[in-house]
Structures are given as C-alpha cells and as structure tokens.
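Notes follow once the structure below has been shown.
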Amino acid sequence: MRTTAYYLCATLVGIPAIYGLAASLLSLAHVAVPYLLWFDPLLWFGSLVPRMFVYSVPRVLLSVLGYVMLLLFLRRLWLLASGRERVPASFAGFPKALGYVGAFSLGLGVAVLALSMVLKAGSGVPGGMLLIPAIICVPWAFFITEVLSLRGKRVKNAA
C-alpha cells in the first residue's frame, strides 16, 4: 500500500510538471497547446497551492514552486531509472499519512463521480467535493517526502 500511495502521488504531481514544461517549450516555438477538458482535472495536482487560492499568491512564487516541483519530480525519475531508490525512506509518518488520505480521497471521489455518471443521478458535485482533500494532500505528500529525502542524503553523507 505504501508503494502504491507514493507512486500515485508522484505520478499525479509529475503529469502537470511535465505538461507545464512541454507547454512552455512549445509556446517558445510558437506552437499553440490545445485545451483538453478531460485532462484538466489531472493538472489540479501540480501545485502546492490549491486552485482556489491561486489568485491570492504572487505569480512569481507560483512559478518558483512549479519549477521546484518539476526538479523534484525529475530527480525522482532519475533515481528510479538508475535503480538507486524506489520509494524514499522519508515517505513515512506525516507524508505517508498525507499520501494515504490523498489516495483514499481520490479513489472515493472518482468512484462517486463514476457512479453519478452511470446512474445519471446528481450533478457530480459530491464527487468533486470528495476530491478536495486529494488536491491538497497529494502534492504536499510528494513535496515533503522529496525535501526530507534530500535532507536525509546530506545527513548520511556528512556522517
């Protein structure tokens, strides 16, 4: 369960990070990136600041946080590809609890949304409301885990 929760967090944070990088590079080449309605919910997990609070945070801070998340994700991909570390040891305690809450909330929210579509009952608002904890917990679980992982490496190397 621990591995699944961590990889879910990493994937949900990585998709918007890679998409943002690709969209930025394509915009530099003057290529328009189309808006995909079905893809938009996956982009909710890319920021430490939930979308409802984005307008109260300076854009510079949002950009810096986005680049930090991208670098942390690319570092994790590098560690995974090199076979050094799969799930970091720092994914324990509070980050692990955040990851579990996020994964449970995501699963429950998607199930309620799917049920409301299949039964053609309701507006989908309850399912969307169940996703709010996941939108907050998943990026923070990944961020805290990776920052603690960086810090843990330095402590081990210093000893």
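Suppose each label sits 7 Å from its Cα in the direction of the beta carbon; what would the Ser24-Ala111 distance come out to in nanometres?
3.8
I need two numbers for the chain: Rg to one decimal and Dmax as a whole number, Cα atoms only, in Å.
Rg, Dmax (Cα atoms, Å): 17.0, 60.
Hey, what angle do you get for helix 2-28 against the long axis of the chain, alpha-carbon based, 0 to 90 degrees rounded to 10?
Long axis of 2-28 versus the principal axis of the chain: about 80 degrees.
Grab the Cα-Cα distance for Phe94 and Trp38, subtract it from 0.36 nm times how many residues apart they are, and report the gain in nm with one decimal. List each step's numbers first, then the result.
Details: separation 56, 0.36 × 56 = 20.16 nm, distance 3.15 nm.
Using 0.36 nm per residue and subtracting the Cα-Cα distance, I get 17.0 nm.
Could you order the peptides 130-142, 2-14 from most to least packed, using the average number of other C-beta atoms within 10 Å per residue?
Per-residue Cβ counts within 10 Å, averaged per peptide and sorted highest first, yield 130-142, 2-14.
Considering the options Val31, Pro95, Gly46, tell which one lies farthest towards the positive end of the dipole of the chain, charges being +1 on Lys and Arg and -1 on Asp and Glu at the Cβ, about the Cα centre.
About the Cα centre, the residue reaching furthest to the positive side is Pro95.
Using only Cα atoms, find the angle between the long axis of helix 59-82 and the longest principal axis of the chain, and express it within 0 to 90 degrees, rounded to the nearest 10.
Tilt relative to the chain: about 70 degrees.
Enumerate the whole-percent occupancy of each 10 Å bin, from 0 to the last occupied one, for all C-alpha pair distances of region 43-110.
Calculated P(r), rounded to whole percents: 17, 36, 39, 8, 0.
No value in this document is a laboratory result; all are computed from the given coordinates. These numbers come from a predicted model, not from an experiment. In this analysis, Cβ positions are derived from the backbone assuming ideal geometry, glycine residues included, and neighbour counts consider all displayed protein chains.
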